[in-house]
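As structure tokens, the structure follows; a few thoughts come after it.
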Amino acid sequence: MSVAEGQLAGVWHEEDTTPSAIDAALRQLLVQGHQEELAYAPARVLNLIVVVDRQFKGEIANRLERVGRYHPSRTVLCAVDGRRTTMDARAQVSCDIADGGLAVATEQIEIELGPRHVAALDAIVDPLLVSDLTTVIWAPHGHEEAVDAVRRLIQVVLLDSAQQLDARAAITRAVDLVDDAYVVDLAWLRSTPWRERIAASFDPPVWRPSLREISAVTVHAREDSVVAGLLLLGWLSCRLGWQAGELIHREGTFHGTAHGKRQDVKVRLESAPHLDVPGLAGVEIETASGMMLALDRGPGGLHAKRRTRDGRESKWVVLGASRGESGILGEGIRQALLREPTYRPALDCALTFLGER
């Protein structure tokens, strides 16, 4: 029997089960797939452990389905139910037909468990991971104890610092995690178009000297994306050699000074309460010579405006800058197999802006 594209190659489920039973069932599903389809091969990219609140399991599963070609090969979704004392599990193998007629399989395991299982999550998921693959954990609803329980098994932590309204706690947690694993922060990835456009705006030789003249930077971010704003300021500081100083937080605004080689730089991070999506709303950069560069979120992309010191203005739109939340998650999974060298220095500078260094 041939496996059609998008077809389930096999499904198994059991109540009150054990990790060894899940592992045995998944192996049997893979054997069955090989017997039924000669041109059948399981994908081998990475393991993804996802820990969620049970009531939001469907929402997270839908987000994972929308990441498209960045979907991992084996996903272990752990749904935590505060009232549960036993484990129920479901495993399935799905196939898609690749070029040349090869059936490429991905494996999804869903485990419903209770709070008492979280502390022993490493023992539960260890038999279910494909050896010699990068293992990623993502806990979109917090569950820090689950992340800590599997630190010995993982190489990458996928997190979203914007979910933590306390910026200090979010950045401190990220700093703690980078000591044991490579951290992919969705809050950082949301600022990628902004960082790319700022860098591109100063890339022409005629504008590069202005980098040494920057005298003020103002970042506007939604209230739940303060971390993204701090990381952007941290990125500018570490890339331009500024010494970050502690920011004062008053009435929703962070303000202070970074010390450059030539002059001090006034730094502000302001709330953008009307922004309807997570992330940044705008960035303004001023120089001592009177040049100003402004980037603002708008229809179709980032709206850019430059004013030279003699008052002349130019405007343009960077089309397609936003990738949406499914695109951000897909990029986060892709980044698990790469290494971003600028995040850690930006994180350290952001911590300094909060007075933690």
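The values are calculated or read from the model by the stated rules, or taken from the named source; none is laboratory data. Owing to the predicted nature of the structure, the values given are computational and were not obtained by experimental measurement. All Cβ positions, glycine included, derive from the backbone under ideal geometry; neighbour counts span all protein chains shown. With ligands, DNA and RNA removed, areas are computed over all heavy atoms of the protein, side chains included. Shrake-Rupley method; radii C 1.70, N 1.55, O 1.52, S 1.80 Å.
Numbers below:
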item	result
The range 331-357, residues that are β-branched (Val, Ile, Thr) and more than 14 Å from the chain's Cα centre (by Cα)	THR342, THR352
Flag for ASP81 being more than 30 Å from TRP235 (Cα to Cα), open to solvent by 40 Å² or more (accessible area, probe 1.4 Å) and in contact with a Pro (Cβ under 9 Å, 6 or more places away or on another chain)	no
Residues that are part of a helix (DSSP H, G or I) and under 17 Å from ASP81 (Cβ atoms), drawn from the range 109-124	PRO115, ARG116, HIS117, VAL118, LEU121, ILE124
Residue in the range 299-315 that is among the aliphatic types (A, V, I, L, M), over 22 Å from the mean Cα position of the chain (by Cα) and farther than 29 Å from THR172 by Cβ present	yes
Per-region count, the range 280-292, residues of a type in the set (A, V, I, L, M, F, W, C), closer than 15 Å to VAL267 by Cα, over 22 Å from the mean Cα position of the chain (by Cα) and open to solvent by less than 60 Å² (accessible area, probe 1.4 Å)	2
Number of the condition not met by LEU275 [criteria: (1) open to solvent by less than 20 Å² (accessible area, probe 1.4 Å); (2) over 15 Å from TRP194 (Cα atoms); (3) among the aliphatic types (A, V, I, L, M)]	(1)
First in the range 333-352 and in a helix (DSSP H, G or I), second anywhere and among the acidic types (Asp, Glu) and at pLDDT 90 or above, Cβ under 9 Å, 6 or more apart	TYR343/ASP185; LEU347/ASP185; THR352/GLU246
Hits in the range 172-189 - residues which are among the hydroxyl-bearing types (Ser, Thr, Tyr) and under 16 Å from GLY332 (Cα atoms)	TYR182
